[in-house]
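Q: I have a structure I would like to understand better, so I am pasting it below and will then ask my questions one at a time.
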Amino acid sequence: MPDWVPAHRELVLASGVAEAAGGLALMAPDPGVRRAGAWWLVATLVAVFPANLHMALHPERYRRIPPAALWGRLPVQLGFIAWVLAAGRRGS
């Protein structure tokens, strides 16, 4: 996460809670709840992308993670967005 972002630990925990809440919403029987959960997860994925990009640009700070993995997860995140949107449309 970029140094200028305050409360790193708290934001990481909050993003985890946001992901869990969105995942639960995707499992709801109500299509409106699923749609809302999908957009919630898309917003969460977009919000954490800058931190993931920061990690890829500064691999020396994250030596335990291979640089290829840091870069590889960026396009995978786009796939996750598409997957979440498809799940949000399921059964609509």
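Q: Here is a check on your reading of the model: is residue 84 touching a residue at least 60 places away in the same chain (Cβ under 8 Å), surrounded by 12 or more Cβ atoms within 10 Å (Cβ to Cβ) and either at negative phi or touching a Pro at 6+ places or on another chain (Cβ under 9 Å) (or both)? Spell out how you get there, then give the answer.
A: Details: touching a residue at least 60 places away in the same chain (Cβ under 8 Å): yes; surrounded by 12 or more Cβ atoms within 10 Å (Cβ to Cβ): yes; either at negative phi or touching a Pro at 6+ places or on another chain (Cβ under 9 Å) (or both): yes.
In short, yes.
Q: Something else: If I filter segment 58-66 for residues that are part of a helix (DSSP H, G or I), out of contact with any Asp or Glu (no Cβ under 8 Å at 6 or more places or on another chain) and open to solvent by less than 50 Å² (accessible area, probe 1.4 Å), do I get at least one hit? Talk me through it step by step, then tell me what you get.
A: The first filter runs over segment 58-66 and keeps only residues part of a helix (DSSP H, G or I), leaving 59-61.
Applying the additional criterion that residues be out of contact with any Asp or Glu (no Cβ under 8 Å at 6 or more places or on another chain) yields 59-61.
After this cut, where a residue has to be open to solvent by less than 50 Å² (accessible area, probe 1.4 Å) as well, the list is 59.
The answer is yes; a qualifying residue exists.
Q: Within segment 1-46, how many residues turn out to be part of a loop (DSSP other than H, G, I, E, B) and either touching a Ser or Thr at 6+ places or on another chain (Cβ under 9 Å) or over 25 Å from residue 61 (Cα atoms) (or both)? Steps first, answer last, please.
A: First, the residues of segment 1-46 that are part of a loop (DSSP other than H, G, I, E, B): 1-7, 27-30.
Subset that is either touching a Ser or Thr at 6+ places or on another chain (Cβ under 9 Å) or over 25 Å from residue 61 (Cα atoms) (or both): 27-30.
Count: 4.
The values are calculated or read from the model by the stated rules, or taken from the named source; none is laboratory data. Since we're looking at a predicted model, the values are computed, not measured. Positions of Cβ are generated from backbone atoms using ideal geometry, with glycine treated the same way; all protein chains shown enter the neighbour counts. Surface areas here come from the heavy atoms of the whole protein model, side chains and all, with no ligands, DNA or RNA. Shrake-Rupley method; radii C 1.70, N 1.55, O 1.52, S 1.80 Å.
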